[in-house]
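Below: the structure, in structure tokens.
Read-outs: derived from the displayed coordinates by stated rules, not from any lab. Model, not experiment: these values are computed from the prediction. Every residue, glycine as well, gets a Cβ built from its backbone with ideal geometry; the counts of neighbours run over all protein chains shown.
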Amino acid sequence: MKKKVAFLSNTVTKPINRFLPQYQCSSFGINTIAQTLNTSIDTDYLIILLDINYFASDGFLSDKSFNKLADLVSLLKIFRDNNSAKVILSNTAGNFLDINSSINIQQHRKVFDLNQQIDKINNIEDMTVLNIYQLVNYYGFKDFYNIKNGFLFQAPWTKVALIAIADAIIENINLFNNIRKKVLILDADNTLWGGIVGEDGVDNITVDENYPGIIYRFFQQQIKHLKDSGLLLTMVSKNDLSNIKEVFSKRNMPLKWDDFVIKKINWNSKSQNIKDISNELNVGLESVVFLDDSDFELEEVNSALGIDIIKISTNNPVENLTIFEDLLSIKTLNISNEDKHKSEQYLVQNERKNKQKEFTSIHDYLCSINMKITMFLNNTSQIKRITQLINKTNQFNSTTKRYSESEILKMMEFYQIFSFSLIDKFGDLGLISVVIVKDNNIENFLLSCRVLGRMVERKILYLLTKSNNAALTADYIKTTKNHQIESFYGQLSIEDKVDDKGLKKYYFPEKIDNVDFIKEKK
Amino acid sequence: MIRKVILDSVAEVNKELKSEVLSNLNNDTLIFENLDSVAVLDLVIEIENKLQQEYGKFIQIADETVMDEIQTPFKTLLSLTKFIESKVKE
């Protein structure tokens, strides 16, 4: 059964349908925009494709254009409440006709400001931006627009544009459903720089401001951006450690030694090193991508592990600059604050593990790291992270009930949705737990796996009991992964019962012992 | 050359329409009659795209007569060929 795509546009969008044969397409005229967005639409995806004339008056943007966008965003929020369809809203490329350069610059500034505002809809659940501005820059205004056809038929797109827009729509739809890779595993020689450091020497590898070294710098910069978007970088290289370290200390490069959370620089097989990385990071092999210039190494890894591999070109390194453009599995629609600091979080976590080894008992260690926990109630500003935790946590999750952002916002009117953040002497771990309570019953209790084993759950149950000033009960639905919470509830409860639907209810005493070494932060 | 551009463009648009008439074109085949308005637009876009590839420049073929049942140059293959030839010469 084909998924449904509905267009809402001030242009004729039917010519795009030809390039979206995998979808069942329909369209709504812009005159019905308020009516359309106020009702429930039977579609999986709503594409709002607006050319400049929607915002502009006679082709030119003005301050009124921003009011029109604000009205549209208000309508979209109403739409969000009544529909489950995912929304893709186009930004705008503006009018590139050069009437007068100062007017043109003014208009471009307005286009830029308008697009910045449009970009904010990325913060609304299941909404994203179709980057028409980028497409027009890539293909050129004259190859993208047919002005006369725009006026004659309200169909301003050339065939080039129609295909590009259809491809961008498909990519955005795929990204809505994409499970993103977590780790990039990179070779070093002839991948991060040109040449082999062990043979050519640190001064002769190419990674500088001249051709072809400049290409490797650009490639490294792309990788650095991927790191900043939440991918963990690791390195696997058959080399002497001292050689690679020397490159990072002597050569000025965009990527630094500490950008890589794990470095496996040795003479072991690459498949073994990749397996070790997967174990150390606690991520499955399906979540990693391996990049190398050597067919031998790629084949060895592929046959041993069957993971995604990417060939790096040594003959024409400029080709490498387009690798990530087409690699959907590393793309994401939204970059959360959490994503931006993933590498740092991993390194701090590693430091915690190393410190832990210095203590003879886990209790002594936990007492030494100055944990402070903060409790929040129905905090809408944390909605993105709360939703992420509810939908991603599997191990310590009492019922694995999943909720969307809008559902959680609605629940906050009737439920107590507690959230907890944690800091310790190594750094801020951010929001690490969510507990959903109704009438003194814990309907869902979940804790990020990053803080398992720190007795944080005990402290949270203590705080909840204290806050509600009552004996609590808790629901538990068994899954293949959530046995930890069953034993936690079992240790602290005084009674449990299973109903005929398989729901287990635990009964806790009125007082739960405090965990002194985790301080409450007001 | 222009005839080939038109035949290829009609074939492209007809992939979706699957019209038997349009898959066996001769000079007198009624094209416009066998297209809905979106398909006419598709055909305009296809022809403009192929002309740009052939001649290396954009040649605008659409005007206010295109969708006009009586005046349309898209009536038959012959009329469309003559019309495009005149546009290319402009």
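Considering only DSSP beta bridges where both residues belong to chain A, give the percentage that are antiparallel (nearest 5).
45
Please report, to one decimal in angstroms, the Kirkwood hydrodynamic radius of the range A:1-69 built from all distinct Cα-Cα pairs.
About 13.2 Å for the range A:1-69.
Can you tell me the Rg and Dmax of the range A:31-97, counting just the alpha carbons, in angstroms?
When restricted to the Cα atoms of the range A:31-97, Rg and Dmax are 13.0, 40 Å.
Which net charge results when you count Lys and Arg as +1 and Asp and Glu as -1 among the other residues whose beta-carbon is under 13 Å from that of residue A:130?
Value of the local net charge: -3.
Using DSSP, restrict attention to beta bridges with both residues in the range A:3-176 and report what percent are antiparallel, rounded to the nearest 5. Intermediate values should be presented prior to the final figure.
Numbers: 2 of 22 bridges.
Here the share of antiparallel DSSP bridges comes out near 10 percent.
For the range A:381-481, which chymotrypsin sites (Phe, Trp or Tyr not before Pro) are both in a DSSP coil and crowded by at most 10 other Cβ atoms within 10 Å?
Sparse-neighbourhood loop chymotrypsin sites (Phe, Trp or Tyr not before Pro): A:414.
With only alpha-carbon atoms in the gyration tensor, what are the semi-axes of the equivalent ellipsoid for the range A:107-190, in Å, largest first?
Working through the eigenvalues yields semi-axes of 30, 18, 15 Å.
With the Cα gyration tensor of the range A:183-330 in hand, convert its eigenvalues to equivalent ellipsoid semi-axes via √(5λ) and list them largest first in whole Å.
Rounded to whole Å, the semi-axes are 22, 17, 15.
No solvent, one uniform scatterer per C-alpha: report log10 I(q)/I(0) for the range A:351-520 via the Debye equation at q = 0.13, 0.18 1/Å, two decimals.
For the requested q values the scattering log ratios are -0.63, -1.21.
List the GluC sites (Glu not before Pro) within the range B:13-71 that DSSP assigns to loop and that have no more than 14 neighbouring Cβ atoms inside 10 Å.
On the way: sites: B:16, B:20, B:33, B:46, B:48, B:54, B:64, B:69; in loops: B:64, B:69.
Listed in order of number, the matching sites are B:64, B:69.
What chymotrypsin sites (Phe, Trp or Tyr not before Pro) does the range A:240-328 have in DSSP loop regions with at most 14 other beta carbons within 10 Å?
On the way: sites: A:248, A:257, A:260, A:267, A:290, A:296, A:324; in loops: A:267.
Answer in residue order: A:267.
May I ask which of A:86/A:159; A:224/A:392; A:331/B:18; A:142/A:340; A:142/B:87; A:224/A:478 have a Cα-Cα span longer than 29 Å here?
Cα-Cα > 29 Å for A:331/B:18; A:142/A:340; A:224/A:478; rest within.
Over the Cα atoms of the range B:2-89, each weighted equally, I'd like the Debye log10 I(q)/I(0) at q = 0.17, 0.26 Å⁻¹, rounded to two decimals.
Normalising to I(0) and taking log10 leaves -0.62, -1.57.
What is the distance in Å between the Cα centres of the range A:7-49 and the range A:408-425?
Going from one Cα centre to the other spans 37 Å.
Remind me, relative contact order of the range A:183-330 in percent, using alpha carbon pairs under 8 angstrom and six or more residues apart?
Averaging sequence separation for qualifying contacts and normalising by length gives 26 percent for the range A:183-330.
Counting Lys +1, Arg +1, Asp -1, Glu -1, what net charge surrounds residue B:33 among other residues with beta carbon under 15 Å of its beta carbon?
Neighbour charge sum, excluding residue B:33 itself: -4.
Per-residue ellipticity at 222 nm for chain A, helices alone: DSSP H runs ≥ 4 residues times -39500 (n - 2.57), over residue total, nearest 500 deg cm²/dmol?
Numbers: 21 runs with 209 residues, N = 522.
Mean residue ellipticity at 222 nm (helix-derived): -11500 deg cm²/dmol.
With the Cα gyration tensor of the range A:168-231 in hand, give its eigenvalues times 5 under a square root as the equivalent ellipsoid semi-axes, listed largest first in whole angstrom.
32, 13, 9
Separation of the range A:260-336 and the range A:483-499 by C-alpha centroid, Å?
Taking the Cα centre of the range A:483-499 as reference, the centre of the range A:260-336 is 42 Å away.
For the range A:189-269, what's the relative contact order in percent, using C-alpha pairs closer than 8 Å and at least 6 residues apart?
RCO, the range A:189-269: 31 percent.
Can you list the aspartates and glutamates whose alpha carbon sits under 13 Å from that of residue A:264, skipping same-chain ones fewer than 8 residues off?
Cα-Cα hits under 13 Å: A:187, A:240, A:276, A:280.
Evaluate Rg over Rh across the protein assembly as shown, taking Cα atoms for both radii and Kirkwood's formula for Rh.
Reported Rg/Rh, Kirkwood definition of Rh: 1.05.
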